[in-house]
Amino acid sequence: MLASARGMRPECPAKPAGDGRRDGVTSATMANPPNAAELPPVEVVLSEVVASLSFMAHAYLTPQAGAAGADPNAAEQLKPELEAADIAIDVAGRAFERIQSRLKPEERASLARSLTSVRLMYVKERDR
């Protein structure tokens, strides 16, 4: 759970001493943003976001047996987290729509299959 959701102030990472350099490398901060040439292409970043969100949606839709505790009958009572899965699928789908034309055909097909699979899983769980 996020610290701000609990009403607590999120912890900020400690600021490096001196000029912000560690082992001769300058750390990126708001005052010292990273060089755009050092950043990966947005397609790479968003492809990873889409894949991660698809994976998380699948996890939200799959109740974990370990979460049931010691009660063997409790596993049957676990329910998927449909709202969380829905949000993850929606955000992944929108990100995919924005970048699909810029992806290689095999990357596009792989992400599309992943999204389709998790969407079908969501519909099955929702309609149970």
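Read-outs throughout are calculated quantities, based only on the coordinates presented, and are distinct from any laboratory measurement. Note that the structure is a prediction, hence the values are computed from the model and not measured. All Cβ positions, even for glycine, are placed from backbone atoms using ideal geometry, and neighbour counts span all protein chains on display.
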Next on the checklist: Under the 0.36 nm per residue contour assumption, what length would be gained going from the current alpha-carbon distance of Leu120 and Ser101 to full extension?
Outcome noted: 4.5 nm
Item to check | Per-pair calculated FRET efficiency, R0 = 22 Å: Val44 and Ala109 via Cβ, rounded to 0.05 | outcome: 0.85
Checklist outcome for this item: By the Cα gyration tensor axes a ≥ b ≥ c (a/c under 1.5 gives rounded; else a/b larger than b/c gives prolate, otherwise oblate), the shape of the stretch 40-128 is prolate
Next on the checklist: Expected output is a single nm value to one decimal: the length gained when fully extending between Ala84 and Asn35, i.e. 0.36 nm times separation in residues minus the C-alpha distance. What is it?
Outcome noted: 14.2 nm
Next on the checklist: Through the Karplus equation 6.51 cos²θ - 1.76 cosθ + 1.60, θ set to phi - 60°, convert the phi angles of the stretch 111-124 into ³J(HN,Hα) values in whole Hz; use x for Gly and Pro.
Outcome noted: 5, 5, 4, 4, 5, 4, 4, 6, 5, 5, 4, 4, 4, 4
